[in-house]
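S.K.: The structure's right below; bear with me while I get my questions together.
The values are calculated or read from the model by the stated rules, or taken from the named source; none is laboratory data. This structure is a prediction, so every number in the text was calculated from the model and none was measured. Cβ atoms come from the backbone with ideal geometry, glycine included; neighbour counts cover every protein chain shown.
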Amino acid sequence: MCRIAGILNSGQPMYNIEDIVINMCNLQKHGGPDDSGIYNATEDRLVLGNRRLSLLDLSNAGHMPMQYQDHYYITYNGEIYNYLELKRELTALGHHFTNHSDTEVILAAYSQWGSLSFSKLKGMFAFALWDNVEKELLLVRDAIGIKPIYYSTLSDNLFFASELRAFNAIPQFHEQNKKWPIYMMAYGHIPEPVSTLKEVKPLHKGCFLKYDLKKRNYSIQSFAHFSYSNEILNRNEAIENIKELLKDAVEEQLIADAPVAVFLSGGLDSGIIATIASTYKKENLNALSIYFEEKEYSEKKFQDLLIDKLECNSYQLLLKEEEFHRSFPSILESMDMPSCDGINTWFISKYAALNGFKAVLSGLGGDELFGGYPSFNRIAATNLLQQLPDFAKGFGKRSSSKKLSRLSYLKIEGIKGIYLFLRGHFNPFEIARQLGAYENEVWNTLNEMPTLLNVQHLENKNKVSWMEFNLYMQNQLLRDADVMSMIHGVEIRVPFLDNNLINYANKINPKVKYNGSFPKQFLIDTYVNQLPREIWERPKMGFSFPFAKWMINSEYIKNTISTNSEVLQYNYKKFMKGSLHWSQMMCLIILNHRKVL
């Protein structure tokens, strides 16, 4: 796991390009504290940079950028979980390897199969691969979009990096995208392909960008996507296959030459991952947990049930309010792109790093695939509301009720309107008022981006699964998990997002996959004999903190409010009265921190 950066075909002197790439890498040093490297192709005006977090082949043989046959060069961020299988196949085809890393396998695979090799890679990755013969640079991102890569083709050059903050090293990328605050206030995050910088955007998941230096142009192609079908109707067969696929995924993702742990929140998904991991780690499973003095938020009793059952090495952190207050300014600085969430991941990742863990397995993805969110039960009513005439949808836009005020979002057709109705933060009327903009401007901006697929043909709950997977998980959960873990030099692995498991889960008939008395009944039935009853019978809490209470007591927030606009002060009063959700208040604090409000 690493952080990467690079520049191709710049008109600047070569020594300037190298200095800029080094600076880009240093701005991401937190995500690659173990090693650094630079590759120069002087005649081609190319510089590739890397900051390395060593997890496989901890020796200098894993140094990056890495070359293969003096033909291919790579700077790479991620993990390829099936690299040993691919290595055996490539060895049989005559390839020779000089180290034990998965990086060299990517290079050999590309030399053998070209861009067809990308669909063979099972894991999470973002890399830049230079073909020194064909003079082509390829940027590649995994099929799920777990690892980020941002790029720009400004002035027919190519710039890229793992984090947006790396572009601060380049003066021409200092101009902000003036529309990003609108997206932030609507979504609570910045949805792809939007970014906070005018000339920079993320590469879409499951795609590769190929820059042809000879022709001085580029193209973007897709190499992977996921689709839904209803073909699997046998419930028992589906349960056994999911159990086997998840077992394989956990086993693969436990592979590392550095210490690995499992997040154990006390919920169903993390309990499943920990239970499976315990069969491979036996007596040396490491489990990380956070709990609170505030009993209504603490999951310690559920964590303890699993810890006792699994007999694992337990690392439990009592996170007190004082620590939140001390850390809050650092958390805001840690954000790459703004997000109203991710604070929980920041703390658990910091705790992982303090205990010497470089990689941690997470239960992220279970809710999206198997129906864990309230949105799965609200979709039928939402579809009916979307059929109301537009004038009726707009009646509640001034309402103090968050749900009623968001009804106007259903004016936006398709899944985007449904998502913003179910998960939106502020409605367009509120956004315009807060930002001093015209309401039509807000509507036009939100209608413009992101452009989403038409998924109206999908069965209702598969439609929600697509929505949560491609919007909430993609733009918020995965991005927060990556940035807030890597700021501490920790990698988060997500077995539920294994390629084979997703493909199979998407084939299970919705009547099989979502049916039951409990959310994620399918997963409960799959692991009912391996988990304590209290784990799957309990109400869903998510991975939440007592944010509202802590934010009310935050001196940082109080000082921020007292020295800022009337708009912010007005909203703070609403928050103090309980009529503004903590996540909405967090959104406003972030906007102020970014000098928007």
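S.K.: Going by the conditions given, is residue 503 within 25 Å of residue 263 (Cα to Cα), part of a helix (DSSP H, G or I) and not β-branched (Val, Ile, Thr)?
M.R.: So residue 503 passes the test.
S.K.: Of all residues in the stretch 446-497, count the ones that are closer than 25 Å to residue 431 by Cα and in a loop (DSSP other than H, G, I, E, B).
M.R.: Within the stretch 446-497, residues that are closer than 25 Å to residue 431 by Cα and in a loop (DSSP other than H, G, I, E, B) number 4.
S.K.: Look at the stretch 572-597 and say how many of its residues are farther than 27 Å from residue 197 by Cα and part of a helix (DSSP H, G or I).
M.R.: The total comes to 6.
S.K.: While we're on this one: Evaluate the following for residue 510: is it buried (at least 16 other Cβ atoms within 10 Å of the Cβ) and within 24 Å of the chain's Cα centre (by Cα)?
M.R.: no
S.K.: When you check residue 42 against the structure, is it within 24 Å of residue 219 (Cα to Cα), of a type in the set (Val, Ile, Thr), modelled with pLDDT under 95 and not assigned by TED's automatic domain parsing to the domain that holds residue 356, yes or no?
M.R.: Yes, satisfied.
For (1) farther than 30 Å from residue 184 by Cβ; (2) of a type outside the set (Gly, Ala, Ser); (3) over 21 Å from the mean Cα position of the chain (by Cα); (4) buried (at least 16 other Cβ atoms within 10 Å of the Cβ), each residue gets a yes or a no:
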site	(1), (2), (3), (4)
273	yes, yes, no, yes
294	no, yes, yes, no
322	no, yes, yes, no
332	no, yes, no, yes
350	no, yes, no, yes
364	no, yes, no, yes
372	no, no, no, yes
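S.K.: Still on this structure, please answer the following. Which number in (1) in the same structural domain as residue 128 (by TED's automatic domain parsing); (2) crowded, with 22+ Cβ neighbours inside 10 Å; (3) closer than 30 Å to residue 456 by Cα marks the one condition that residue 246 misses?
M.R.: Of the numbered conditions (1) in the same structural domain as residue 128 (by TED's automatic domain parsing); (2) crowded, with 22+ Cβ neighbours inside 10 Å; (3) closer than 30 Å to residue 456 by Cα, the odd one out for residue 246 is (1).
S.K.: Looking at 115, 219, 155, which one is over 20 Å from the mean Cα position of the chain (by Cα) and either without any contact (Cβ under 8 Å) to a residue 24 or more places away in the chain or not assigned by TED's automatic domain parsing to the domain that holds residue 19 (or both)?
M.R.: Within the list 115, 219, 155, the selection yields 219.
S.K.: In the stretch 45-64, what residues are modelled with pLDDT of 80 or more and surrounded by fewer than 23 Cβ atoms within 10 Å (Cβ to Cβ)?
M.R.: Residues satisfying the conditions are 45, 63.
S.K.: Another question about this same structure. If you take the residues of the stretch 31-54 that are part of a helix (DSSP H, G or I) and touching a strand residue (DSSP E or B) at 6+ places or on another chain (Cβ under 8 Å), which of them is nearest to residue 334 (Cα to Cα)?
M.R.: Filtering first and then ranking leaves 31.
S.K.: Kindly provide the set of residues from the stretch 196-211 that are farther than 12 Å from residue 152 by Cβ and in a strand (DSSP E or B), ordered by number.
M.R.: 207, 208, 210
S.K.: Additional query: Within the stretch 388-406, how many residues are of a type in the set (Ser, Thr, Tyr) and at pLDDT 85 or above?
M.R.: Qualifying residue count for the region: 1.
S.K.: While we're here: Could you list, in sequence order, all residues of the stretch 11-37 that are surrounded by 20 or more Cβ atoms within 10 Å (Cβ to Cβ) and modelled with pLDDT under 85?
M.R.: Residues satisfying the conditions are 31, 32.
S.K.: Could you check how many residues of the stretch 126-150 are of a type in the set (Ser, Thr, Tyr) and touching a Cys at 6+ places or on another chain (Cβ under 8 Å)?
M.R.: Residues meeting the conditions: 0.
S.K.: Anything in the stretch 65-82 that is surrounded by fewer than 22 Cβ atoms within 10 Å (Cβ to Cβ) and at positive phi? List them, or say none.
M.R.: Selection gives 69, 70.
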